[in-house]
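Take a look at the structure set out below.
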Amino acid sequence: MPVENSNQKLNPTIIQIENFSFFYGKNQALFDIDLSIPEKEVTALIGPSGCGKSTLLRSINRMNDLVDESNHRGRILIQDQDIHDTQLEVISLRKRVGMVFQKSNPFPKSIYENVVFGLRIAGKTNKNDLDEVVERSLKASALWDEVKDRLKDSALGLSGGQMQRLCIARAIANQPEVLLMDEPCSALDPVATAKIESLIHELKKNYTIVIVTHNMQQASRVSDRTAFLYMGKLIEYDETETLFTNPKQQQTEDYITGRFG
Amino acid sequence: MRLKKQKNSQASGEPMVWMTAMGLSMGVLMILGLLALIFYKGLEVFWPKHVAEIHLKSEDGNGERLLGEIILQRDRSSHKSSNENDEGSPLRETQIFMGNKEVLGQAFRFVEQDKIKKTSYPESVIKLERREYGNAMGFPQAIYQADQELIPLKKTELFEKTLHQLVKTYNARWEEIRHIEKDQIGKINYEMEELELEKKQLEEQNTAAKNAQAKNRLQELESSQKTLQEKYQKLADQAKKLREAQQGAQLEILLANGQSHKIEVSQILEYYYPNQLSTWGRVGMFFHKIWLFLSQEPREANTEGGVFPAFFGTLVMTLLMTIVVVPFGVMAAIYLKEYAKQGPLVRTVRIAVNNLAGVPSIVFGVFGMGFFVYMVGGTIDQLFFSNKLPTPTFGTGGLLWASLTLALMTVPVVIVATEEALGAVSQNIREGALGCGASKWQMIQKIILPASAPGILTGAILAMARGAGEVAPLMLVGVVKLAPTLPINSTFPYIHLDQKFMHLGFHIYDLGFQSPDSEAAKPIVFATTLLLILLVLVLNLGAIILRERLRKKYASGKF
Ligand SMILES: Nc1ncnc2c1ncn2[C@@H]1O[C@H](COP(=O)(O)OP(=O)(O)O)[C@@H](O)[C@H]1O
Ligand SMILES: [Mg+2]
């Protein structure tokens, strides 16, 4: 059972996951998860592979709706609004909850067009506005200086780390409240990883970030809070420092000390 | 234990490498051979050959003389039984094109090689291309003109100048006659028809209550009919006068057998002296003939003249088909791949679509005739062109129905190619688009379709290649041997979708199998085949260039 730490920060909750279960057909991937994620902090999801980290993350912006015959039980609230509410459109949810994927996936378009994609599909065409958003987003994702002279070039010509930062820029161009990241550094070299990690530090000033990582050093470096999942169940959720130095659950301790996996 | 040193060639698969390579090279060789033959035969037609004068052997030493182009020389092995005199080397025979069909009875003749005494190439031979009876060849003698002295060949300069001038004026006059008869009178006929229709309608409508307005309109119609009638009469008179002026001048040529033959100069389209041409002159003539072939209308049951209407018809039909088939195929593929729930039903549909591509084309022709022509066309006629009935407008084969039939035939190709292209866009990219808040259609429209455009174009190319080369279904839904006008012309509404049209593929079939003089049609069959191949090639090349540009754009992301 999750144990709440008494001296938690005062940031209010933005994402409230209540008794949430998820099924791929008959196969249950998540079991009764309860989790409240605070605003403008970095929350890391860790756990062995196949434990349901991605499933939980993708439930937050309903990306798993795409899977045939998937099903859920329980609620997820963002700013006290149920994301499965029929009144709420998936499209507007995804604009509020941006996502960065494990494998960087820039569109086969120019750098500029990649960043403004979300605006274009929302019907915004004012050139000045778009230019402004491009500059702001690329600066926020620490890519501006590297690409400002070749915005019209293909995004596919960037390096792996640059592509991933472009995807971050694309996600924050929509001005989301929450940014979901699914192992954003797993395909990157250490230098690019360090860049993204410092970027996450910057971004949390303005955004709530939920990050999945299989790298415990990374979790301890970037996150304020960490949730440990095991076999679809939330085992422990606490401030990162506490969880890593003083885990309450035996399974957590076994995992972070590398005793199983 | 002894190590097995022998390399097991069976296991390493080397024989199979050779086998497969052989299969490939056989295929390539066959294609190259076919293309080489068609290129050679197709272009040879236009090369101005020398005209040979051939003396045949005979007892009294005064044998027959022939004048003509040597078309081919071959072993006469197939007719050996008729020749007992020698058993060693096979007899060779020569095929000669002599022209002058109306005098000699036949334009081609075979001569046995050993009967030929002497072959020479006299400089003075003239070759005439005529409006009727094909080519004429002979030694020019003199020009006869009504009320004027004859000009003998000896006055070389004057002869040459007069002939040139005469041919030019006569051809210009033909052009004028054509313009009057076809364009101007054609237009008047069209207008008359329209007036007649309106009149018929008015009369039918108002039998009971003929109001003043209708009466007035009727009178108006009648008076404009009268003016049109007068105009028509004037034009017809004009044409008649011009036609009369076409008689008068004649060119006398001497045939090889010594017979003198007078040819109306108005019959001469072109003339040249084949044995006097320099190499460059020959090359120039070659390209000139190619141009005429491409730009002119056919003459004499299509065996002479050009193939422009057929070329144009093929082009228009193929483009129209492509315009129809690509959007339909792409839409169907998007539904099948992106929206339909993948299951047994969709799988069945997909198999059915794939099999549709293998249905013999004539089946589509029959379907096109039954469905498009009779059902759809018939209904359109009932609803919109009832005043013209029983003459059908859309209820008969035409450009539109032919294009739609071929579109139906080629739509599986586009669907399959598009589905493949759509499937090649990675799930990762799709999720990226959806994650940015795109709706499914936005994702398809903005990301997936541009990314799969090259693949879709591949489908369009395949469809075009198949459509342009198809003949069988077209014969049922609108292709004709000779169409009076082009499907796109200067009479309103400019694009005549209901009109019958000519097609290169059908032209080849018609010339090769239906022509009264198959020997004469043979060269033009090859030339037309070459043109059809080139047309398909150019269309495909255009699409391929477009695809490569899209691909580059896609790779560099500049769209
Ligand atoms: N699209 C899917 N369809 C069916 N089962 C899935 C799908 N995605 C994930 N799963 C299953 O759900 C479980 C959790 O997967 P996932 O959330 O991807 O784990 P993690 O990201 O922690 O490695 C796994 O057992 C996996 O097999
Ligand atoms: Mg995962």
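Below is a table of values for the structure above.
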quantity	calculated
Single unsatisfied condition, A:A187 versus (1) touching a residue at least 60 places away in the same chain (Cβ under 8 Å); (2) open to solvent by less than 30 Å² (accessible area, probe 1.4 Å)	(2)
Residue in region B:267-286 that is touching a residue at least 40 places away in the same chain (Cβ under 8 Å) and of a type in the set (V, I, T) present	yes
Whichever residue in region A:38-55 is near ligand 2 (Cβ under 10 Å from one of its atoms) and hydrophobic (A, V, I, L, M, F, W, C) and, among such residues, is surrounded by the fewest Cβ atoms within 10 Å (Cβ to Cβ)	A:C51
From A:A142, A:A194, residue being more than 14 Å from chain B (Cβ to nearest Cβ), away from ligand 2 (no atom under 16 Å from the Cβ), among the small types (G, A, S) and not in a helix (DSSP H, G or I)	A:A142
Near pairs, Cβ below 6 angstrom, 6+ apart or cross-chain, from region A:84-113 (among the small types (G, A, S)) to any residue that is part of a strand (DSSP E or B)	A:G98/A:L179
Scope region B:133-155; condition on the phi < 0 side of the Ramachandran plot and aromatic (F, W, Y); matching residues	B:F139, B:Y144
Filtered residues of region B:121-149 (kept if in a loop (DSSP other than H, G, I, E, B), in contact (Cβ under 8 Å) with a residue 12 or more places away in the chain and either more than 24 Å from B:N275 (Cβ to Cβ) or open to solvent by less than 70 Å² (accessible area, probe 1.4 Å) (or both))	B:P122, B:S124, B:V125, B:R131, B:E132, B:G134, B:Q145, B:A146
Tally of residues being facing chain B (nearest Cβ under 9 Å), hydrophobic (A, V, I, L, M, F, W, C) and open to solvent by 20 Å² or more (accessible area, probe 1.4 Å) across region A:58-100	3
Out of A:V100, A:V90, sole residue that is more than 16 Å from ligand 1 (Cβ to nearest atom) and among the aliphatic types (A, V, I, L, M)	A:V90
Within region B:443-462, considering residues that are open to solvent by 40 Å² or more (accessible area, probe 1.4 Å) and in contact with a Lys or Arg (Cβ under 9 Å, 6 or more places away or on another chain), the one farthest from the other protein chains (Cβ to nearest Cβ)	B:T458
Residue identified as more than 30 Å from B:V316 (Cβ to Cβ), in contact with a Gly (Cβ under 8 Å, 6 or more places away or on another chain) and within 14 Å of chain A (Cβ to nearest Cβ) among B:G432, B:G437	B:G437
Only listed residue being of a type in the set (A, V, I, L, M), closer than 30 Å to A:K109 by Cβ and modelled with pLDDT of 85 or more, chosen from B:L534, B:L530, B:L546	B:L546
Residue tally, condition open to solvent by 50 Å² or more (accessible area, probe 1.4 Å) and assigned to a loop (DSSP other than H, G, I, E, B), over region A:145-176	7
Elements of type helices (runs of 4 or more DSSP H) contained in region B:317-399, each with 3 or more residues being more than 31 Å from the chain's Cα centre (by Cα)	B:344-356, B:378-384
Checking A:I111 against (1) within 20 Å of the chain's Cα centre (by Cα); (2) more than 7 Å from chain B (Cβ to nearest Cβ); (3) modelled with pLDDT of 90 or more, the condition it does not meet	(1)
Residue that is surrounded by the most Cβ atoms within 10 Å (Cβ to Cβ), among those in region A:197-225 that are away from chain B (no Cβ under 14 Å) and within 16 Å of ligand 2 (Cβ to nearest atom)	A:I211
Output for region A:179-191, where each listed residue is out of contact with any helix residue (DSSP H, G or I) (no Cβ under 7 Å at 6 or more places or on another chain) and either assigned to a strand (DSSP E or B) or within 16 Å of ligand 2 (Cβ to nearest atom) (or both)	A:M181, A:E183, A:S186
Top-ranked residue in region A:226-248 [being free of Cβ contacts under 8 Å to residues at least 40 places away in the same chain and open to solvent by 40 Å² or more (accessible area, probe 1.4 Å); ranked as farthest from A:S186 (Cα to Cα)]	A:N246
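The values are calculated or read from the model by the stated rules, or taken from the named source; none is laboratory data. Everything numeric here is computed off the predicted structure, so don't read it as measured data. Cβ: placed from backbone, ideal geometry, glycine included. Neighbour counts: every protein chain shown. The accessibility values were calculated without ligands, DNA or RNA, using every heavy atom of the protein model including side chains. Shrake-Rupley method; radii C 1.70, N 1.55, O 1.52, S 1.80 Å.
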